[in-house]
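Presented below is the structure to which this report refers.
Rule-based calculations on the coordinates, nothing more; no lab input. Only a predicted model underlies this, so the values are computations on that prediction, with no experimental measurement involved. Positions of Cβ are backbone-derived with ideal geometry, glycine not excepted, and every protein chain shown enters the neighbour counts.
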Amino acid sequence: MIAKKTVREPEQSSSLSLKSSGDCLHEIEFITASLSHIATLFRHVRRGNTNMEQRFDFTKEAYRGAQQAMYGLEHYVRNSGLEKQLVELVKTRCSQINGCAFCIDMHTKDARAAGETEQRLYALNAWRETPFYSDRERAALEWAEALTLIAETHAPDDIYERVRQHFSEEESAKLTLAIVTINSWNRIAIASRAVPGSYQPAGKA
């Protein structure tokens, strides 16, 4: 994590030390939540009409490199500077499109924990028909839909131009990475038959 000349050196040093401690605590909480997430995600399988059968366990040591790669992307997104509520709306919308029940459950809970309202969560799959979202959020949601359905849309220029009206080039790239990351989690969760319901945001379980 990046910690977000001159005569008063002692004061500067003390302030930096306190900030680093806070960052370290945040990092520990992130790692703990991530480990809990992945353990829950792949310990369970979707309930069917007959027997429950896990397809594969992504937490095994054999997949350690893949886990670290996914956590690296997730860590980057969490610390990208994009608004937490906006990112959770995007993650939830992508998960709705992909039909990932585990991730819908997770990210609606994370969104509520970040202060999101029930009204905006319930209306998310009809966001174009409501006045509940800002222009910046609308641009992000439209881009999220275009990239999630990329085989159909091919990420058209007109949608990207609308994104750029509300996001800088750097923010647009970070938003794109957030969308790529949640689409990857969706595919892993669906493929492994993860059961929704047990996830709780950090500090709530």
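Across segment 63-192, the convex hull enclosing all Cα atoms gives 113 Å³ per residue.
Of H154, H75, the sequence from fewest to most neighbouring Cβ atoms within 10 angstrom is H154, H75. Computed from phi, the 3J(HN,Hα) profile of segment 68-85 under the Karplus parametrisation 6.51, -1.76, 1.60 (θ = phi - 60°) reads 4, 5, 5, 5, x, 4, 4, 4, 4, 4, 5, 10, 7, x, 5, 4, 4, 5 Hz, with x in place of Gly and Pro.
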